[in-house]
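Let me begin by presenting the structure, written as structure tokens, before commenting on it.
The values are calculated or read from the model by the stated rules, or taken from the named source; none is laboratory data. These numbers were taken from a predicted model, which means no experiment stands behind them. No Cβ is skipped: glycine too gets one built from the backbone with ideal geometry, and neighbour counts run over all protein chains shown. Each accessible area value is taken on the protein alone, full model and side chains, heavy atoms only, with ligands, DNA and RNA left out. Shrake-Rupley method; radii C 1.70, N 1.55, O 1.52, S 1.80 Å.
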Amino acid sequence: MSFDRTALARAIDAHKTVVRVVVADIRGSTPREVGASMLIWENGQSGTIGGGALEFDAATRARQMIENNADLNTLHIPLGPATGQCCGGSVTLVSERFTQASRLPTAGAPFARPVVAQATTRAPAPPNTPAYMDGWLIEPAASKSPVWIFGAGHVGHALATTLAPMGDVDVTLVDISQARMPDLPAHITPLIAADPTQVVQYMPPQTQAFVMTHSHALDLRLCAALLDRPDVKTGLIGSDTKWARFQKRLAALGKSASDIDRITCPIGDPTLGKHPQAIAIGVAASYIHSTTQSHNSKAAAC
């Protein structure tokens, strides 16, 4: 997890005064990892630090900070004695109040600031992870993985709204007209393109694309265009029968067998059923699993 300047600025614009609560340190078994955070305002919140009672108490303290104009609260919480939770560990929470007058770090820059009056020396954190040491909390800037979903129908909408809250995913939802685009939360980017194949060239490197439009003919043209982007991973919704036909048609369009094999189809977990949300859960789970494996392999290689 990392510091999401965009989400914080958006919340300040909407709610004027916001308290950001972040897990700065953990010991033993805890509900969430270091860097997990939530934003609290007078009558709402976004994000989660987990733990039920832990989160409820933190949100209550955050609203007290808003009421009292308090800027900073750093609290070490043993989960058993303090909240009656059975995790067995402890967390350090840092709560900071932000207003429209607050100076946020430059976009893309890490966020470093003192959060306790008395320095506490801790072991250095791994690279690109939050560090809580010597009285300071240092968070790297958010780095989000791009996901483009082609098709804003029931499944596309369900997948977008399932993936986007994870925080480290930047979701773009593409369709051919505004009439086909559902209402979306602010952290999902809608993109209208009369011919979605024309926007493939503008996708960021290392994008994960999911193809699930209203038209099999458009799906096919999108798959062909996406194969021209070797830096993009592509998943196609459909049955084994659909995929067999697509393989033949892509080959007829001049795509090599090795290129065609870069497309994953079917996607998700068919044992979960065909309800749009069930499909979205299966696809999201596969995506999380693949990205986790990728991150772990990179860490092992270092």
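Out of segment 152-202, which residues are touching a residue at least 24 places away in the same chain (Cβ under 8 Å) and acidic (Asp, Glu)?
Selection gives Asp168, Asp170, Asp175.
Restricting attention to strands (runs of 3 or more DSSP E) lying wholly within segment 188-271, give those where 2 or more residues are surrounded by fewer than 17 Cβ atoms within 10 Å (Cβ to Cβ).
Strands (runs of 3 or more DSSP E) meeting the threshold: 188-192.
Looking at segment 35-59, which of its residues are within 18 Å of Leu72 (Cα to Cα), β-branched (Val, Ile, Thr) and within 17 Å of the chain's Cα centre (by Cα)?
If the condition is that a residue be within 18 Å of Leu72 (Cα to Cα), β-branched (Val, Ile, Thr) and within 17 Å of the chain's Cα centre (by Cα), then Ile49 is the only one that fits.
From (1) within 24 Å of the chain's Cα centre (by Cα); (2) modelled with pLDDT of 95 or more; (3) open to solvent by 90 Å² or more (accessible area, probe 1.4 Å), pick out the condition that doesn't hold for His295.
So His295 meets the others, but not (2).
Pairs needed: first member in segment 105-130, at pLDDT 85 or above; second member anywhere, part of a strand (DSSP E or B) and of a type in the set (Phe, Trp, Tyr); C-beta distance under 6 Å; at least 6 residues apart or different chains.
Close Cβ pairs satisfying both conditions: Pro105/Phe111; Phe111/Phe3; Pro114/Trp136.
Which of the residues belonging to segment 171-187 are closer than 21 Å to Ala225 by Cα and buried (at least 19 other Cβ atoms within 10 Å of the Cβ)?
Val171, Thr172, Leu173, Val174, Asp175, Ile176
Please tell me if Asp25 is open to solvent by 10 Å² or more (accessible area, probe 1.4 Å), outside any loop (DSSP other than H, G, I, E, B), in contact with a His (Cβ under 9 Å, 6 or more places away or on another chain) and of a type in the set (Asp, Glu).
Yes; evaluated as a whole, the condition is true for this residue.
Could we say that Pro31 is in a loop (DSSP other than H, G, I, E, B), crowded, with 17+ Cβ neighbours inside 10 Å and of a type outside the set (Asp, Glu) here?
In short, yes.
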